[in-house]
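The values are calculated or read from the model by the stated rules, or taken from the named source; none is laboratory data. Only a predicted model underlies this, so the values are computations on that prediction, with no experimental measurement involved. Cβ coordinates were reconstructed from backbone atoms using ideal geometry, including for glycine residues, and neighbour counts include every protein chain displayed. Just so you know, the surface numbers come from the protein's heavy atoms only, side chains and all, with ligands and any DNA or RNA stripped out. Shrake-Rupley method; radii C 1.70, N 1.55, O 1.52, S 1.80 Å.
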Amino acid sequence: MTAILWFRRDLRLDDNPALAAALASGSPVLPVYIHAPHEEAPWAPGAASRWWLHRSLQSLDRSLQERGTRLWITRGDSLAELRRIVAATGAAEVHWNRLYDPRIRERDAAIKQALRADGLRCESHNASLLFEPWEILTAQGQPYRVFSAFWRNAARRLPDIRPTATAQDIQWASIESPGLAIEDLALCPRIDWDAGLQASWTPGEQAALNMATRFLDARLERYGEDRDRPDVPGTSRLSPHLHFGEIGPRRLLELTRARAADPTEDPAEPFVREVGWREFAHHLLYHFPQTPTEPLNPRFADFPWKQDGTDTRLEAWHQGRTGIPMVDAGLRELWHTGWMHNRARMLVASFLTKNLLLPWQKGADWFWDTLVDADLASNTLGWQWTAGCGADAAPYFRVFNPVLQGQRFDPDGAYVKHWCPELARLPLKYLHQPWTAPTAVLTAAVVTLGTDYPHPMVDLATSRKLALAAWETLK
Ligand SMILES: Cc1cc2nc3c(=O)[nH]c(=O)nc-3n(C[C@H](O)[C@H](O)[C@H](O)COP(=O)(O)OP(=O)(O)OC[C@H]3O[C@@H](n4cnc5c(N)ncnc54)[C@H](O)[C@@H]3O)c2cc1C
């Protein structure tokens with residue numbers, strides 16, 4: 001008998017409940033990966049995610065080889081592939097860790113039902129969240145719509161949360177079929193745009209653990225002060241590792257506890273609370289599965305977005321050529337590294353949805369393709385929150401001012417100077433608003449607006465007023 005361990009976005013051996021359950025069956029374990037992006041459409045992994053996935057699979061396969069086996073890789077319909085592997089190996093059990101994207105949930109439920117009908121033992125487990133999305137509910141048994149209340153309830157239960165121990169002495173099933181090579185999945189870009197990603201990241205379980213350890217040792221103490229500063233490496237940058245399950249939030253919590261005994265108190269609290277936002281994002285996606293495309297607040301369904309000239313405005317935003325330095329810095333960081341600081345994500349999203357009046361879904365689509373941490377739950381929450389149409393929404397009328405935000409969170413201009421080097425010689429006074437610089441200052445800094453750096457696409461004050469007027473129409 002064999003127990004199939006179906007890897008998905010849980011690309012690790014540590015703290016892996018599906019692996020633990022497969023081992024507990026007493027049968028040799030067969031590690032399998034099935035490539036089936038068509039089953040996730042329209043949320044199949046974007047280009048940056050595919051880049052990551054390729055390397056993460058390589059890393060997992062290397063770890064398995066070090067332990068005397070390897071990953072059996074196939075492509076096609078997941079159920080058909082699982083049945084094929086069952087037939088080839090005589091497997092009696094299938095284990096996997098749960099995902100919460102609506103399409104995947106539906107698929108997995110159907111697969112579980114079909115395999116059980118085939119007579120197999122088939123179980124799913126929780127590897128990617130501290131709490132299942134259905135565990136934390138209001139006193140009335142309803143889902144939360146406000147983060148603070150959700151987290152008050154959830155945080156009380158943190159003492160019970162522990163990772164699953166790393167499995168030792170695993171007995172692997174022998175792999176008969178050669179399967180596919182990772183290269184056969186064609187995940188890597190055909191044109192060579194990924195140099196920035198390569199320079200910025202090392203996907204894989206060991207790298208995730210190293211990142212977590214380095215962050216907790218060196219930065220946890222100051223996280224509360226530094227987390228909003230895109231000019232400082234103050235956050236963990238663990239988001240892609242968490243998304244692909246190279247490290248689980250339970251292990252992360254345990255590692256945090258080892259440095260700060262109570263995760264609900266300083267210095268751990270601000271960090272663990274952010275991990276709580278990830279939980280909240282999954283809670284919302286689970287209970288409101290329509291939200292990747294529809295506003296949670298239905299009042300926003302009729303919002304008068306400014307659709308004319310969309311392509312040109314969207315392209316300038318994509319390219320980080322809006323003429324607003326903090327916005328451009330964020331968008332260029334994204335394009336170059338596949339990641340953007342959270343403060344910059346809020347600024348670029350606010351600029352798109354409020355100053356340009358473009359639909360938040362257009363921004364979410366771009367993030368989906370370009371972020372290495374693109375995650376349906378967190379991306380949907382982030383965009384709806386910033387656009388003001390989601391849970392716990394920043395009120396629509398709170399329009400971020402990227403100049404003031406730049407002066408506050410990039411006070412020395414290091415972030416803007418790094419990503420918009422053409423502005424680097426401007427005095428700090430004008431760096432976040434080059435259009436206000438006198439001609440002589442621009443000349444001395446070798447900046448010609450409209451040539452070296454764009455004029456602002458919109459006037460911030462006027463576009464803010466237009467956004468508020470558009471919002472008034474919903475009342
Ligand atoms: C418009 C917009 C879109 C976003 N899209 C995504 C996305 O596709 N994928 C994604 O992982 N995050 C997304 N976020 C949330 C957040 O920006 C990133 O999780 C964070 O910047 C990742 O950096 P870090 O790992 O250094 O975070 P840290 O500050 O070190 O936080 C630790 C972990 O907590 C989680 N986390 C932190 N903040 C948030 C948050 N606001 N919402 C949900 N989880 C959070 C992440 O898993 C993160 O790795 C988005 C935010 C906005 C405003």
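Put Met346, Met457 in order of accessible area, highest first, and with a 1.4 Å probe you get Met457, Met346.
Computed over the alpha-carbon atoms, region 298-472 gives an Rg to Rh ratio of 0.96, Rh here being the Kirkwood radius from the mean inverse distance.
Applied to region 165-170, the Karplus parametrisation 6.51 cos²θ - 1.76 cosθ + 1.60 on θ = phi - 60° returns per-residue 3J(HN,Hα) values of 4, 5, 6, 10, 6, 7 Hz, with x for Gly and Pro. For the chain, the per residue solvent-accessible surface stands at 42 Å², with DNA, RNA and ligands left out and a 1.4 Å probe. Amide H contacts of Ala91: Thr2, each under 5 Å away and 5 or more positions distant or on a separate chain (H built 1.01 Å from N in the peptide plane; Pro and chain starts excluded).
Taking Lys429, Lys306, Lys354 and ordering them by how much accessible surface each has at a 1.4 Å probe, largest first, produces Lys429, Lys306, Lys354. To the nearest ten degrees, helix 269-287 and the longest principal axis of the Cα atoms of the chain are 70 degrees apart. The fraction of accessible area contributed by carbon and sulfur in region 298-472 is 56 percent, rounded to a whole number (1.4 Å probe; ligands and nucleic acids excluded). For region 249-259, putting each phi into the Karplus relation 6.51 cos²θ - 1.76 cosθ + 1.60 with θ = phi - 60° gives couplings of x, 6, 5, 4, 5, 5, 5, 5, 4, 5, 9 Hz, in residue order, rounded to whole numbers and with x for Gly and Pro. Accessible-area rank, largest first, for Arg464, Arg408: Arg408, Arg464, with all protein chains present and a 1.4 angstrom probe. For Ala258 and Lys475, the difference between the fully extended length at 0.36 nm per residue and the C-alpha to C-alpha distance is 73.1 nm. Dimensions of the chain from C-alpha coordinates, computed as largest minus smallest value along each principal axis and given longest first, are 78, 50, 47 Å. Amide H to amide H, with H built 1.01 Å from N, Leu30 comes under 5 Å of Ala3, Ile4, Leu5, Ala173, counting only residues 5 or more places away or on other chains.
Taking region 2-126, how much of its Cα-Cα pair set, in percent, is spaced more than 16 angstrom apart? Roughly 61 percent, rounded to a whole number.
The solvent-accessible area of Thr451, taken with every protein chain present and a 1.4 Å probe, is close to 100 Å². Take Trp51: with every protein chain present and a 1.4 Å probe, its accessible area is about 0 Å². Annotation for Gln319 and Arg408: the two label points, set 7 Å from Cα along the Cα-Cβ direction, are 3.1 nm apart.
Take Ile170: with every protein chain present and a 1.4 Å probe, its accessible area is about 30 Å².
Here the Karplus curve 6.51 cos²θ - 1.76 cosθ + 1.60, taken at θ = phi - 60°, turns the phi angles of region 458-475 into couplings of 9, 7, 5, 5, 5, 5, 4, 5, 5, 5, 5, 5, 4, 5, 4, 5, 7, 5 Hz, with x standing for Gly and Pro. For the chain, the longest principal axis of the C-alpha atoms and the axis of helix 205-218 are separated by about 50°.
Which longest run of the chain has no exposed loop site in it, a site being GluC sites (Glu not before Pro) in a DSSP loop with at most 14 other beta carbons within 10 Å, and the site itself not part of the run? Answer from the scan: 266-475. Using only side-chain charges placed at the Cβ, +1 for Lys and Arg and -1 for Asp and Glu, the dipole size of region 3-129 relative to its Cα centre rounds to 160 debye.
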